[in-house]
Amino acid sequence: MIDWQAKAQEQQEEYLNDLTTMMRIASVRDDSNATEEFPLGPEPATALKVFLEMAQQDGFKVKNIDNIVGYVQWGEGDETLAILAHVDVMPAGNGWDTDPFEPVIKNGNIYGRGASDDKGPGMAAYYAMKTLKDMNVVPNKKVRFIVGTDEESNWTGMKRYFEVEPAPTLGFSPDASFPLINGEKGNFSMKVDFNGSNEGRVKLISFDSGLRTNMVPREAEAVIEGAELTQLTQSLDEYLAQTPVTGKITQVKNQYTISFVGKAAHGMEPKNGDNAGTYLANFLKHQDITGEAGDFLKFIALYLHLDSRMEKFDLAFTDDLMGDLTMNVGLMNFKATNGGQIDLNFRYPQGITPNEIQAGISKITDKINAFVYQLEGMEPHFVPADDPLVVSLMDAYQEVTGDYDSQPEVVGGGTYGRMMDRGVAFGALFPTTLDTMHQANEFQPVNDLIKAMAIYMAAINKLITD
C-alpha cells in the first residue's frame, strides 16, 4: 500500500512556495476595473494566468477561456473526472494582524486571504494530481482541474465553462470540509428597497455595512444629525455594555458618525458572526428617526437582527436531511438622497421555495412601502451516500486519517460541486479545525493542508484506476 502521507510530505516545500505565489495575488472580483479583456477585473485574471502557467510548466495541457475560467488536463478517456477550485478570494476587510496578501506561517498555520478558501485546498488538490502524474499513474479517464475566478460572487467563469465545454461525468470541489459534503442547501439572495424620506427630529444621512451578501458584516457606520451628543453618548455606552460589538461616536460640525465593529463570518451560518450592521440599526431605532429612513432601521432591528432562522417572519423551517433555513443580512446601505437597500442571502433546504420565502417577507414590507425582489439562485443539491463517487472519496479519507466515525454531511455553503449531477465538496477543512473562511486572520494549519493533499492523492488514484 502506498504511503500517501509520505508522498505528500515530499511536496511540502514546493507546494508552499507555489501557494505563497498565488496568495500574494489580491484576486478579488473588481467590476469597477472590468474591461473587455478582463471581464471580472485584472487580479482574478492574473491569478488564473499564473496558475495555468505553473501547470503548463509541470507538463499539463492547459486552456484559458476568456480570462474568467480555465482548466488543466491530464489523460484521455470517454469519461471526465473534474476537480473544481477557485482562485478568487473575498475582500480582505479590516481586523487583520498581518498583511492579508503577504502570507506568513506562524505556529504551524499559514495566514492570509485564500489560505482556507480556496487557494490552500485548491493547490493541495492540484499537487495531488501533479504527484500522481509524476508517479507515472495512467488515468483511465480524462481528468480536468477546472479553475474559476468568481466563486465568491456570481460564478460567471464556471458557468461559462459549462456553456462551452462538455459536462464532466463526476467530480469534487476542494472548497469545504472533510469528510465529505454530499448535499448543499439552495442558495439565493433578495433585495429590499426603501425610499429616502426623513421626517423626524433626527435625520439619518447615511448607513453603510457589509462587503458581500455571503459574509456577515464586521463593520457598520451611520451618519446622523439632529441628535443631542450627551444623550447619544450615554445611550451608546449603555447599549454597548450589553452587546458583543464595540463602537464609537465622532462629531463633524452638526453631524455624528457612529461606527460599530462586530465579527465577520461566512454567511452560511450567521450565528458564527456578530453582525455590526444589525446591531447598529438596533441601536438607532431608539432615535427619533421617522419616515422611510425610520422604516429602514426598524425593519432591520425588529425583523432581521439576531433572527437568522426567520422566526419573526413565521418562516422558520427545518428539513430532517438538510437542516434549517438560514438568512444572512449581508449588505445594508442608505443615503438620504436616494433611499436604502438591504441584501439578504438565504440558504434553504428542500421543502421550501424562494417564492414562499419572498411571500412571507412581503407580508411585512408591504406595510411599510418597501419593495422586495429576488436575484438569481441555485436549488438544493444532493448526491446519495451510496453513490460510487461518495464511497470512493470516503474510502480515501478513511484510509489516510483512520477516522471511520465522521459521516457525509449536508451544509448551507455552496460549492462548484453542485454544478454536476454527481458532484460533491471534499475537504479541506478537518472536523476539529477552526473555520476562518471569510474572516480576518484567515488561516489553515500547514499539516492539515499536507494531509489533505495525501487524501486527494488517494482519492484521485481510486477514481482514475479502479
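All of the numbers you see were taken from the coordinates with simple rules; none came from a lab. None of these values were measured; they are calculated from a predicted model. Here Cβ is always computed from backbone atoms with ideal geometry, including for glycine, and neighbour counts include all displayed protein chains.
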Within a Cβ distance under 14 Å of Y373, other residues only, what is the Lys/Arg minus Asp/Glu net charge? -3
Rounding to the nearest 20 debye, state how big the charge dipole of the chain is about its Cα centre with +1 on each Lys and Arg Cβ and -1 on each Asp and Glu Cβ. 600 debye
For region 98-104, take each phi angle, set θ = phi - 60°, evaluate the Karplus expression 6.51 cos²θ - 1.76 cosθ + 1.60, and give the result in whole Hz per residue in order, putting x for glycine and proline. 9, 5, x, 10, 10, x, 9
Pulled fully out, how much extra length does the chain show between D395 and T337, if you take 0.36 nm times their separation in residues and subtract their Cα-Cα distance? 15.0 nm
Under 5 Å from the placed amide H of G77, counting only residues 5+ away or on other chains, we find K142
What residues of region 1-39 lie in the reach of a label at T98, counting those whose backbone N is under 15 Å from a point 7 Å from the Cα along Cα→Cβ? 16-25
Whole-Hz couplings from phi, Karplus 6.51/-1.76/1.60, listed for region 335-343; x for Gly and Pro: 10, 4, 7, 9, x, x, 8, 10, 10
List the GluC sites (Glu not before Pro) in region 1-110 that DSSP assigns to loop (not H, G, I, E or B) and whose Cβ has at most 15 other Cβ atoms within 10 Å. Which are they? E36, E37, E76, E79
Would you kindly derive the ³J(HN,Hα) couplings of region 154-169 from the backbone phi angles with the Karplus curve 6.51 cos²θ - 1.76 cosθ + 1.60 (θ = phi - 60°), listing them in order in whole Hz, with x for Gly and Pro? 10, 6, 4, x, 5, 4, 5, 4, 6, 7, 10, 10, x, 5, x, 6
Report the FRET efficiency, 1/(1 + (r/R0)^6), for V138 and D387, where r is their Cβ-Cβ distance and R0 is 30 Å, rounded to 0.05. 0.75
Given +1 on the Cβ of Lys and Arg, -1 on the Cβ of Asp and Glu, and no further charges, what dipole in debye does region 187-378 carry about its Cα centre, rounded to the nearest 20? 340 debye
Net charge of Cβ neighbours under 10 Å - reference S116; Lys, Arg +1; Asp, Glu -1: -4
Within region 220-307, list the GluC sites (Glu not before Pro) lying in a DSSP loop whose Cβ has at most 15 other Cβ atoms in a 10 Å radius. E228
CD proxy, 222 nm, the chain: helix-only mean residue ellipticity via -39,500 (n - 2.57) per DSSP H run with n ≥ 4, per residue, nearest 500, stands at -9000 deg cm²/dmol
Fully extended contour minus Cα-Cα distance, from K61 to F162, at 0.36 nm per residue: 34.5 nm
At a Förster distance of 35 Å, what's the computed FRET efficiency of D78 paired with I105, Cβ-Cβ distance as r, to 0.05? 0.25
Note the full-extension length gain between A359 and Q251 as 0.36 nm times their separation in residues minus their Cα-Cα distance, in nm to one decimal. 34.7 nm
Given R₀ = 35 Å, what would the calculated FRET efficiency be for D31 paired with L229, taking r from the Cβ atoms and rounding to 0.05? 0.35
Rounded to a whole number, what is D in µm²/s for region 187-378 from Stokes-Einstein with the Kirkwood radius over alpha-carbon pairs (25 °C, 0.890 mPa s)? 146 µm²/s
